[in-house]
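Some notes on the structure that comes next.
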Amino acid sequence: MIGKTPVILDGAGLPRRESVVEPVPDVGRHRAGSRDAKPGLEFAVACPELSPGLPALVLSRTFCRIRRLGAAPEANRYYAELVTAAEFTSTVAWGTVDPAAFDGLLLPGGHAPGMRQYLGSAVLRDQVARFWAVGRPVGAICHGVLVLARTRDPATGHSVLAHRQTTCLPKYTERLAYLAPAWRLGRYYRTYPAYVEDEVKAALGDPASQFHRGPMVLTARGTAANDTPAFTVSDRNYLSARWPGDAYLFGRRFSALLRATAQPGR
């Protein structure tokens with residue numbers, strides 16, 4: 001024991017590293033990567049098809065048509081690390097993932113029409129339903145919550161979120177991100193005609209008591225040292241967050257959830 005946190009050992013008597021699978025599209029702009037969670041985790045990046053690697057999707061290429069909306073220097077540094085990581089350059093296919101082989105599932109966010117490959121995949125939804133059924137930690141941030149909202153529980157026919165507390169990308173944030181650069185980027189920020197918040201609420205049994213928008217934020221973001229502007233919602237094995245400004249807090253809490261539920265001897 002270290003403090004009150006149990007240390008799970010592997011077969012060699014070494015501290016066991018929790019393993020997480022993170023599905024992403026192979027087109028579009030997504031917020032993928034191990035920076036969503038603390039170091040010390042093992043990640044597998046899953047794509048639509050088995051691939052020798054993902055293309056290096058530059059955060060600021062399309063995004064920087066308007067210079068002020070370019071990715072922050074910190075995000076660019078982290079992304080540069082990501083595209084050279086072994087997990088990113090040697091991916092697995094969505095349909096081949098065995099939920100029993102992983103301790104957690106991480107559903108990243110992202111925007112633009114290219115994300116529909118990930119957000120609308122029936123193959124991925126089937127895998128997510130299998131993962132949800134085993135009861136291991138699931139984390140979703142921003143648009144990633146849509147994957148869960150669209151995933152059906154085979155036993156009930158309802159969304160797996162039907163009876164869960166959740167947050168997601170707030171409508172006011174998505175609307176502002178769309179309207180501000182619309183004169184130049186058109187509908188780039190509208191991944192779907194419906195807002196993420198509206199679709200997620202529609203999947204809930206009682207949106208008034210289950211959906212949590214969190215404090216209004218426009219530009220303030222959580223950092224590695226300050227979680228004050230950040231917000232997450234936790235419900236048993238499920239953790240959700242709203243946008244990149246919550247990512248540090250989301251990562252810390254998802255890592256803690258993984259450690260708390262780690263299965264010895266697996």
Original post:
Amide H to amide H, which residues 5 or more places from Ile141 or on other chains are under 5 Å from it, using H placed in the peptide plane?
Top reply: Leu107, Gly109, Ala241
Subject >> Placed amide H near Val92: partners under 5 Å, 5+ positions off or other chain >> reply: Val45, Ala46, Cys47
Original post:
Tell me, how many Å apart are the Cα centres for segment 101-139 and for segment 181-226?
Top reply: 18
Original post:
Spin-label point model (7 Å from Cα, Cβ direction): what's the Ser209 to Ala93 distance in nm?
Top reply: 4.4
Original post:
Contour minus end-to-end for Asp227 and Arg116, with contour as 0.36 nm per residue of separation and end-to-end as the Cα-Cα distance?
Top reply: 36.9 nm
Original post:
Could you give the length gained on full extension between Asp126 and Thr219, defined as 0.36 nm per residue of separation minus the Cα-Cα distance, in nm?
Top reply: 29.9 nm
**OP:** Using θ = phi - 60° and the Karplus relation 6.51 cos²θ - 1.76 cosθ + 1.60, list the HN-Hα couplings for segment 152-167 in order, rounded to whole Hz, with x at every Gly or Pro.
**Re:** 9, 6, x, 6, 10, x, 9, 4, 5, 8, 3, 10, 10, 7, 7, 10
**OP:** Using amide H atoms built 1.01 Å from N in the peptide plane, name the residues 5+ places from Glu18, or on other chains, whose amide H lies under 5 Å from its own.
**Re:** Glu42
Subject >> Peptides ranked, highest mean first, by Cβ atoms within 10 Å: ranges 225-234, 247-256 >> reply: 247-256, 225-234
Original post:
Label points 7 Å out from Cα along the Cβ direction at Asn76 and His158: separation in nm?
Top reply: 4.7
**OP:** Can you tell me how much longer the chain between Ala180 and Ala86 gets when fully stretched, taken as 0.36 nm per residue apart minus their C-alpha distance, in nm with one decimal?
**Re:** 30.1 nm
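Every number in this text was worked out from the coordinates using simple rules, so none of it is lab data. Since the model is a prediction, treat every value here as computed from it, not as a measurement. As a convention, Cβ positions derive from the backbone with ideal geometry for all residues, glycine included, and neighbour counts pool all protein chains shown.
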